[in-house]
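Q: One structure follows; several queries about it will come next.
Derivation of every value follows stated rules applied to the coordinates shown; laboratory data play no part. Keep in mind that what you see is a predicted model, and the values were worked out from it rather than measured. All Cβ positions, glycine included, derive from the backbone under ideal geometry; neighbour counts span all protein chains shown.
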Amino acid sequence: MVEEQRSASASSASAGRPPAVSVRGLWKVYGPNPLSIVGSPDATLSRSELRAKTGCTAAVSDVSFDVAPGEVFVVMGLSGSGKSTLIRCLTRLVEPTAGEVFLDGEDISKATPQRLRELRRQHFSMVFQHFGLLPHRKVIDNIAYPLEINGMKKAERHARANEVIELVGLHGYSHAFPEQLSGGMQQRVGLARALAVDPQVLFLDEPFSALDPLIRRDMQQEVIRLHRELGKTMVFITHDLSEAVKVGDRIAIMRDGAVVQIGTPEELVALPIDDYVANFVRDIAKSHVLTLKYLARPAQSDEDMDGPELAANMIIRDAAEIILQTHKPVRVSENGKFLGIVSSEDVLRLISGVA
Amino acid sequence: MTHLKKSHLLIGVGLVWITLSRIFQGNQTLELATSENTSFTSSVGDAAASIRGNRTKSAAFIYFFNPIRAAITGFVEIIRSIISVPSGNSIIPVIGWFGVVAIVAFTVYATSRLRTAILAVSLLLACGALGMWQFTMDTLAMTLASVLLSLLVGIPVGIWAGRSDRVLKILTPFLDLAQILPTLVYLAPLALFFLIGTASATIATMVYSIPIAIRITAHAIRNLNQSPIEAALSMGSTPTQTLTKVQLPMAKQMIILGINQTVMAALSFVVIAALIGAPGLGKPVVDALIIRNVGQGFVAGFAVVFVAILLDRSTSAAAKAQESFIPLTSQQIRRGRIKVGLSGLLAIASIFASRSVLSLAVWPGSINISQQVEDVTNHATKWITTNLYIFTVGFKDFISNWVLNPLETLLAFSPWFVTLSAIVFIAAVIGGMRVAMLATGLLTLIVLSGLWHEAMITLTQTIVATLLTMAIGITLGIWVGRSSSAEKVLRPFLDAGQTLPAFVYLIPMLGLFGPTRFTAIATGIVYSIPVVVKIVSEGIRSVPIAMIEAATVAGSTVRQIITKVQLPAAKRSILLATNQGMIFVLAVVVIGGFVGSGGLGYLVILGGSKPEMQGKGLVAGFAILLLGVTIDRIAQASARRT
């Protein structure tokens, strides 16, 4: 089901609708005279060389990408790769050194403080790694906070807060204080607060990194569910590739401030652009990411050609049961066009990592 | 210079210094008889006299100083007339003693717990029983007035400094200076502009306590968890919304703690401000010190200690009550409201009773144990000084003969240029070139002031007291830092020691050592040990546990762990503690001018009482400031360079 959603939004991305978020040539350079680094030959130096030469650090260097409406776009990288700075540049919690960020066509890097506040109050919201809840407010007042600063009356904002409380599964906790809640529940409050203003875009900065693995998995499912129900555009930062693959329609891999590769999980696993990405995706279970298209091969003369037919965009894991039950190779076709066959041996080889 | 070890250089400087000192002993010491004025000090005296003479004529006085004085005096007098002095044409204050006790009980009960309220009431009653009711009320009124005014300035400025780097940068030098400045230095210049009396005392107290309020408030705002603040910004909060809805509620506990510190600073200053006419408990303390009546001093001193404990306990309990944001259950809230409501009614009833029943309005004279306390303490001191002679006088003589006198000879009885160069060399070795140049400048100013010899006497006492303080403080600090049971035992004493006004320590020391310079030194030691122990033990405790475990696994003995792991790792804390200790010691040593320590402190005090010495007193105060900055810069630089 997740996959259906994923393919639906991926196709809508390609359908030519204007992007929800569009980033063009974004830079964030720390240090003396940061503008001089932007676009200069120095920018191609490695981080330590750049610092030695100019005293500057390029936390984000020349990043461009588009996020389609309704897409979950994941930015993935190790610590220090600049992903947290990047998401803060998108919301201007950190002022970018250069570049443009368009939100529904509006360049927010040029917004006045007044307009920026309006955008923050109504158009996008953010979820933080360490939750950022107000310790002196009850859950309901934390969630109502963005509505409150927008001037909404108390009864009205509490009514709205209660709606989101139900939505994120916090029923019964509205009068608790953050410190009384577990980490997972606190982040539900963070999510609810971000959803309270019904934003077009949700920015999530490593939202589950501070949580235990089991709770993290629950919360990932929760985000997937909310995305399915609400269809919000999301920009999701993580350092955990399996999380990226689980929630992301497309993933951008960052290294030293620059984007190395952008693609669907399948593209990254099947066609890593360099050793860095390849190394990264090596531990991903290929059968969970790749589709039958990847395995399809021409039939050999001694193979049966009358097995069942399966769609090329089917994830191998989901197809595996059918393939292993049929004693004949399955035929893979895309939009009616025959691509090749996949035998049970092919599937087993892929799963065991021999292929 | 790099191939020579610092310690070798220091020993070299010391040897040259001692040799030169021997050769030129007694020459060019710039010694000045106490009653003697230089042309500089007398011209400062003339200037001061002319300022005083212009009080009714000059525009600065008519439009600036005098209105401020009138406003502040008025404000303080209103508070005093409520609890302390007869109000209007009545013979009693607005609220009698019983009403005051009830108000204190109610306030403390409403903001913290019953136990603290009972403690507060007992302490107040004890002050009354010591025959100190009126003085206590004056001290409370002065403290309250100064604290209110200080917070009125300190909290907004602190918030501003907490939010703006530029404001903090501008304020920092002043805040640092305020930390160095010994209390005694504030008094005379303020009295010059605001006359002797409550206004000067209140303003001096404010000058002393506002920096503390600013510092802690700014710190509270700056050290918040930044994550909720970032979240609030990301949701489009305006700066004002972020401040009122996020930062202030989160910083509340820390700010209340800042209020606690401000109150304690104000109290200790109000006591010493008796020297410029502050009403309150400082007055009987000063009187007792002047006539060297230890027993009488103890009576007033006990009252000061009681007020200090009362204020500290009740304000820190209020801060503790803010620790959790989680309120109680609704049933607890309701019960709490009933309790507060009932006790509030009781307090109001008590106030009315204290206005209509004379024995509840004026502290009954029959309840007075001051004579007994005076006798007991006088006997006790006498017993100690006769029977433990060997400890008190023996210790005093030992330190005097073996440390104090040789050092004084070296510092104060060498030619001034020898001592000055030696100090500058030492500053260069341990603090670097910039500090050495600064020290040269500051010390030259002291020479030019004409009070070099007196300054060196004060410096000698400061150094000796600091050495002893560090010897005791580091030992205790290691102990407290390593053992949590030691911490539990000593913590109350350390806390209490830090909150008591330095002035009251003079009383028992005077009893033990008589009116000598050693009394000042001993007071300085006792006063500064708590802060040294606190910093050192925190330094020891913050040594990563992994380092200790690694050393233990490698088979180190306890001694090896202390000397080879904990002390080196805590070196910075120890240097910082030394710096703090020296500043604290200096502040007390100059107050010791009261009990015969001589030096700059005595000149300041003399300047306050003899008009012809006023110029010299003001210059001496300035010299103390220069000395304090010199000590602080050298010590800071050495801490920075490790």
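Q: Quick one: dipole size for region A:111-247, taken about the Cα centre, charges +1 on Lys/Arg Cβ and -1 on Asp/Glu Cβ, in debye to the nearest 20.
A: 400 debye
Q: Further, regarding this structure: Mind checking which of B:A465, B:A318, B:S237 is farthest towards the positive end of the protein assembly as shown's charge dipole, using Cβ charges of +1 (Lys, Arg) and -1 (Asp, Glu) about the Cα centre?
A: Of the listed residues, the answer is B:A465.
Q: Spin-label point model (7 Å from Cα, Cβ direction): what's the A:Y30 to B:L448 distance in nm?
A: In this crude label model, A:Y30 to B:L448 measures out at 4.5 nm.
Q: Ranking B:L275, A:L214, B:L148, B:L195 by Cβ neighbours within 10 Å, fewest first, what do you get?
A: A:L214, B:L148, B:L195, B:L275
Q: Another question about this same structure. May I ask you to derive the relative contact order of chain A, considering only C-alpha pairs under 8 Å and at least 6 residues apart, and to give it as an integer percent?
A: 17 percent
Q: Is the C-alpha gyration tensor of region A:111-247 telling us rounded, prolate or oblate? Criteria: a/c under 1.5 is rounded; beyond that, a/b larger than b/c is prolate, otherwise oblate.
A: oblate
Q: Neighbour counts of other C-beta atoms within 10 Å: give me A:S344, B:S200 arranged from fewest to most.
A: So the ranking, lowest neighbour count to highest, is A:S344, B:S200.
Q: If I take the Cα coordinates of region A:176-264 and project them onto the principal axes, what are the three extents in Å, biggest first?
A: 44, 27, 22 Å, listed from the longest principal axis down.
Q: Relative contact order of region A:111-247, please, whole-number percent, based on alpha carbon pairs below 8 angstrom and at least 6 residues apart.
A: 31 percent
Q: Compute the Cα gyration tensor for region A:285-350, then decide on rounded, prolate or oblate, letting a ≥ b ≥ c be the square roots of its eigenvalues: rounded whenever a/c is under 1.5, prolate when a/b is larger than b/c in the other cases, and oblate in all that remain.
A: oblate
Q: Helix-only mean residue ellipticity at 222 nm, chain B, DSSP H runs n ≥ 4 weighted -39,500 (n - 2.57), per residue, nearest 500. What is it?
A: -25500 deg cm²/dmol
Q: Cα atoms only, the protein assembly as shown: Rg and Dmax in Å?
A: When restricted to Cα atoms, the protein assembly as shown yields Rg and Dmax of 37.0, 123 Å.
Q: Rounded to the nearest 5, what % of DSSP beta bridges with both residues in chain A are antiparallel?
A: The antiparallel fraction comes to roughly 55 percent.
Q: Kindly give Rg over Rh for region B:174-249, based on alpha-carbon atoms, with the Kirkwood expression for the hydrodynamic radius.
A: Radius of gyration relative to Kirkwood radius: 1.24.
Q: Quick check: Cα centre of region A:90-111 to Cα centre of region B:230-269, how many Å?
A: 32 Å
Q: Would you pull out the residues with amide H under 5 Å of A:L310's amide H, same chain only if 5 or more places away, H placed 1.01 Å from N?
A: Excluding prolines and chain starts, which carry no amide H, the hits are A:R331, A:V332, A:S333.
Q: When Cβ neighbours within 10 Å are restricted to other protein chains, what is their mean count per residue of peptide B:284-293?
A: Across the residues of B:284-293, the mean count of other-chain Cβ atoms within 10 Å is 0.
Q: Please report, ordered by residue number, every helix of chain A (full DSSP H runs) that is 15 Å or longer along its axis going by C-alpha atoms and whose mean Kyte-Doolittle hydropathy reaches 0.5.
A: Answer set is A:139-149.
Q: Please list, or write none, the lysines whose alpha carbon is within less than 28 Å of the alpha carbon of A:K28, excluding same-chain residues fewer than 8 places away.
A: Output for A:K28: A:K53, A:K83, A:K110, A:K232, B:K169.
Q: For B:K564, give me every one of the aspartates and glutamates with a C-alpha distance below 20 angstrom, ignoring sequence neighbours fewer than eight places off in its own chain.
A: Partners within reach: B:E538, B:E549.
Q: For A:F236, which sequence-distant residues (separation of 5 or more, or a different chain) have an amide H within less than 5 Å of its own amide H, given hydrogens modelled in the peptide plane?
A: A:F73, A:V74, A:V75, A:L204
Q: Give the percent of DSSP beta bridges with both residues in the protein assembly as shown that are antiparallel, rounded to the nearest 5.
A: If we restrict to bridges inside the protein assembly as shown, about 55 percent are antiparallel.
Q: Could I ask something else about it? What percent of all Cα-Cα pairs in chain B falls into each 20 Å bin, going from 0 up to the bin containing the maximum distance?
A: Bin by bin from 0 Å, the calculated values are 16, 50, 30, 4, 0.
Q: Going by how many other Cβ atoms sit within 10 Å of their own, how do B:R482, B:R115, A:R137, A:R225 line up, fewest first? If you can, show how the numbers build up before the last one.
A: Numbers: B:R482 18, B:R115 12, A:R137 21, A:R225 15.
Ascending number of Cβ neighbours within 10 Å: B:R115, A:R225, B:R482, A:R137.
Q: Can I ask one more? B:D397 to B:I472: FRET efficiency via 1/(1 + (r/R0)^6), r the Cβ-Cβ distance, R0 30 Å, to the nearest 0.05?
A: 0.95
Q: For chain A, what class follows from the C-alpha gyration tensor (a ≥ b ≥ c being the square roots of its eigenvalues): rounded when a/c is under 1.5, otherwise prolate if a/b is larger than b/c, else oblate?
A: Oblate, because a/c is 1.5 or more while a/b does not exceed b/c.
Q: Cross-link partners among lysines for B:K382, C-alpha distance below 28 Å, same-chain residues fewer than 8 apart left out?
A: Filter leaves B:K283, B:K396.
Q: While we're on this one: Let me have the relative contact order for chain B, percent, based on Cα pairs under 8 Å that are six or more residues apart.
A: That works out to 21 percent.
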